[in-house]
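The values are calculated or read from the model by the stated rules, or taken from the named source; none is laboratory data. Computed from a prediction, not measured in an experiment: that's the story for all the values here. Using ideal geometry, Cβ is built from the backbone for each residue, glycine included, and neighbour counts are taken over all protein chains shown.
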């Protein structure tokens with residue numbers, strides 16, 4: 001009865017509608033994935049009105065979003081990731097999507113972790129799109145086959161392979177000096193160093209003792225070691241430019257979330273033929289995750305007239321058809337417990353297989369806002385960037401700085 005009433009409610013209110021959607025999906029694969037949602041939305045006589053703020057990590061988009069909200073011009077929909085969802089919900093600025101979630105049986109259809117992320121305070125406030133695996137290592141299969149190399153499984157493998165590549169005149173890793181891209185590499189190194197508990201102490205608990213630990217020093221040293229095997233000079237480039245370097249064979253490997261796989265596919269490169277993917281060495285038992293979500297903002301329009309369109313969008317993005325099509329293009333995996341595995345390539349199936357094991361292997365990405373607040377994230381990334389850019393800064397000095405920062409961040413809570 002409830003489903004019927006809801007359908008009648010939506011149908012009776014159907015009319016040409018437009019939703020402004022603020023996001024930072026600017027690459028070819030991201031555009032193609034968004035087109036899947038926009039096309040399905042248009043079937044409901046609702047236009048996806050793009051408000052695109054290009055920036056690889058979403059920093060610029062979040063600045064614009066805050067400015068628009070303060071000015072009383074909040075978009076109807078915005079791409080949000082991670083802990084800031086709860087912050088916006090605390091301000092009462094996100095629509096309650098409980099009705100959509102109840103009718104759609106999100107509690108049964110979604111992975112438990114995803115269901116929890118949609119409900120930071122016990123009420124659904126975002127619609128989940130897909131799950132990215134951040135600890136992904138992509139490798140050029142042609143280079144690896146020519147040199148008779150196997151994908152590295154541990155640090156010793158990586159050292160051996162990088163040395164062989166260096167001797168062959170091939171940079172081991174494609175990399176940008178953009179702060180968030182350095183952090184994306186480093187968080188996988190921390191996870192590799194001592195597993196999830198230590199990672200959580202560093203990036204979630206921000207425990208000063210963890211920053212003083214020899215394992216953190218080892219992760220910093222490994223970051224510096226990897227720098228020696230990157231293409232020279234290392235430039236500040238966006239992630240698609242770095243992916244182009246990898247695609248062109250200018251480097252044999254790259255560490256990037258599996259959105260890079262989606263981009264490679266959009267350029268005509270074939271998974272397992274032109275490139276392969278595996279977990280960052282020593283992280284194969286973990287899924288360092290980032291969840292794409294759409295938040296529906298409370299509107300300033302008379303009678304909040306956009307709410308039905310917002311609810312329809314939330315319902316659409318969780319539907320099996322859209323989940324399969326969107327994530328296949330985007331490079332991510334579905335938020336559904338039982339997706340169509342036949343639509344997944346080997347990289348996606350491996351990602352899904354790990355994530356589906358449950359909470360013990362699911363690790364929130366620090367860089368991509370899943371692990372901590374914005375202030376802590378920005379402070380830690382800035383300090384890490386300084387260390388990467390200046391080889392004269394010692395590991396010991398950086399450790400002392402991080403211990404100090406951790407103590408300050410803890411006191412500021």
*Condition test on residue 140, is it in contact (Cβ under 8 Å) with a residue 60 or more places away in the chain and in contact with a strand residue (DSSP E or B) (Cβ under 8 Å, 6 or more places away or on another chain)?*
yes
*Being buried (at least 23 other Cβ atoms within 10 Å of the Cβ) and under 23 Å from residue 147 (Cβ atoms), is that true of even one residue in segment 178-195?*
yes
*Residue that is nearest to residue 191 (Cα to Cα) [pool: residues in segment 246-279 that are part of a loop (DSSP other than H, G, I, E, B) and out of contact with any strand residue (DSSP E or B) (no Cβ under 8 Å at 6 or more places or on another chain)]*: 272
*What is the residue count in segment 61-72 for residues that are touching a residue at least 24 places away in the same chain (Cβ under 8 Å), surrounded by fewer than 19 Cβ atoms within 10 Å (Cβ to Cβ) and out of contact with any helix residue (DSSP H, G or I) (no Cβ under 9 Å at 6 or more places or on another chain)?*
3
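Residue-by-condition table, conditions (1) in contact with a helix residue (DSSP H, G or I) (Cβ under 6 Å, 6 or more places away or on another chain); (2) assigned to a helix (DSSP H, G or I); (3) assigned by TED's automatic domain parsing to the domain that holds residue 208; (4) under 20 Å from residue 85 (Cα atoms):
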| site | (1), (2), (3), (4) |
| --- | --- |
| 311 | yes, yes, no, yes |
| 315 | yes, yes, no, yes |
| 322 | yes, yes, no, no |
| 376 | yes, yes, yes, yes |
| 382 | no, yes, yes, no |
| 387 | yes, yes, yes, no |
*Please give the number of the condition residue 129 fails out of (1) assigned by TED's automatic domain parsing to the domain that holds residue 326; (2) at positive phi.*
(2)
*Given the residues 291, 307, which is the only one that is out of contact with any helix residue (DSSP H, G or I) (no Cβ under 9 Å at 6 or more places or on another chain) and either farther than 19 Å from residue 106 by Cα or touching a residue at least 60 places away in the same chain (Cβ under 8 Å) (or both)?*
307
*With respect to residue 204, determine if the residue is surrounded by fewer than 20 Cβ atoms within 10 Å (Cβ to Cβ), in the same structural domain as residue 391 (by TED's automatic domain parsing), farther than 30 Å from residue 248 by Cβ and within 19 Å of the chain's Cα centre (by Cα).*
yes
*asked:* Filter segment 103-122 down to the residues that are surrounded by 14 or more Cβ atoms within 10 Å (Cβ to Cβ) and either in contact with a strand residue (DSSP E or B) (Cβ under 7 Å, 6 or more places away or on another chain) or without any contact (Cβ under 8 Å) to a residue 40 or more places away in the chain (or both) and list them by number.
replied: 109, 110, 113, 114, 115, 117, 118, 119, 120
_Given (1) under 29 Å from residue 276 (Cα atoms); (2) at pLDDT 95 or above; (3) buried (at least 21 other Cβ atoms within 10 Å of the Cβ); (4) under 19 Å from the mean Cα position of the chain (by Cα), identify the lone condition not met by residue 58._
(2)
*Subset of segment 202-245 (residues that are over 30 Å from residue 266 (Cα atoms), touching a residue at least 60 places away in the same chain (Cβ under 8 Å) and not in a helix (DSSP H, G or I))*: 204, 206, 207
*Could you list, in sequence order, all residues of segment 330-351 that are buried (at least 20 other Cβ atoms within 10 Å of the Cβ), part of a helix (DSSP H, G or I) and touching a helix residue (DSSP H, G or I) at 6+ places or on another chain (Cβ under 8 Å)?*
330, 347, 348
_Residues within segment 224-239 that are surrounded by fewer than 19 Cβ atoms within 10 Å (Cβ to Cβ) and either more than 25 Å from residue 276 (Cα to Cα) or out of contact with any strand residue (DSSP E or B) (no Cβ under 7 Å at 6 or more places or on another chain) (or both), tallied_ = 11
_Go through segment 4-43 and report how many residues are surrounded by fewer than 18 Cβ atoms within 10 Å (Cβ to Cβ), modelled with pLDDT of 95 or more and touching a helix residue (DSSP H, G or I) at 6+ places or on another chain (Cβ under 8 Å)._
1
*Which members of segment 281-308 meet the condition of being modelled with pLDDT under 95 and either surrounded by fewer than 22 Cβ atoms within 10 Å (Cβ to Cβ) or assigned to a helix (DSSP H, G or I) (or both)?*
298, 299, 300, 301, 302, 303, 304, 305, 307, 308
*Does segment 353-373 include one or more residues that are part of a helix (DSSP H, G or I), touching a residue at least 40 places away in the same chain (Cβ under 8 Å) and under 30 Å from residue 42 (Cα atoms)?*
no
